Amino acid sequence: MKLLCFILLAATCSFTTLHGASVYVDQGAGGANDGSTWTAAFTNLQSALITATAGDDIWVAAGTYIPDTYFDITNEIRIYGGFPTGGGDGTFAARNADPESNNTILSGDLNRDGDPSWPTPDPANAQHVVRVFPGLTNCVLDGFTITGGYADGTGNDGRGGGIFVNNDAAPLLENLLLTRNAAINDGGGAMV
């Protein structure tokens, strides 16, 4: 049985316009791997999240991205999936926000066995695919398929297999497809 949950979540919060750099992520990039252009894009999202600072945008090309443990959003940044590989024409207009077009997947399949063992969750998968840290109100996650999270712990570690939003954070979550995530307590797809 395939469980699909398409969500469009928008937290009610006021966004302050922050202007920063664009950081690029594309698995197939072969350049400097510093995130400065599509040609020199990071090949994994983890590096971009570590590098990005408040006000930055992270543009992510189609592909499957797997974290070391979690994809942690710790800064007031905007992360957009749905760009064609190679960056298309290199502009934001090349992006398709529909998670099923230019499918940009954030996967909790940490052991990379390609099988979320659905409907029985795989305990080797990430407890949360994406975590949003407390207090963040000017951040965006938009245009991704999030899959393979298994929140199998106690307390908060048993909530939000796909996305876990900590405490008073209020991210803008848009154009997301959450599928094949599970949780022991609440919110297999998302816990906000």
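The values are calculated or read from the model by the stated rules, or taken from the named source; none is laboratory data. As the structure is a computational prediction, the values presented were derived from the model and not from experiment. Methodologically, a virtual Cβ is constructed for each residue, glycine included, from the backbone with ideal geometry; neighbour enumeration extends over all protein chains shown. Please note that ligands, DNA and RNA were not included when accessible areas were found on the heavy atoms of the full protein model with its side chains. Shrake-Rupley method; radii C 1.70, N 1.55, O 1.52, S 1.80 Å.
The table that follows gives values for the structure above.
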item	result
Residue ID - farthest from residue 170 (Cα to Cα), chosen from residues in region 135-144 that are in contact with a Gly (Cβ under 9 Å, 6 or more places away or on another chain) and surrounded by fewer than 23 Cβ atoms within 10 Å (Cβ to Cβ)	142
Some residue of region 162-176 being farther than 21 Å from residue 52 by Cβ and assigned to a strand (DSSP E or B)	no
Qualifying residue in region 78-92 (condition: open to solvent by less than 60 Å² (accessible area, probe 1.4 Å), within 18 Å of residue 163 (Cα to Cα) and assigned to a loop (DSSP other than H, G, I, E, B))	no
Tally of residues being open to solvent by 20 Å² or more (accessible area, probe 1.4 Å) and either within 22 Å of residue 134 (Cβ to Cβ) or outside any loop (DSSP other than H, G, I, E, B) (or both) across region 43-74	14
Some residue of region 164-177 being modelled with pLDDT of 90 or more, surrounded by fewer than 24 Cβ atoms within 10 Å (Cβ to Cβ) and β-branched (Val, Ile, Thr)	no
Some residue of region 118-134 being touching a Cys at 6+ places or on another chain (Cβ under 8 Å) and open to solvent by less than 50 Å² (accessible area, probe 1.4 Å)	yes
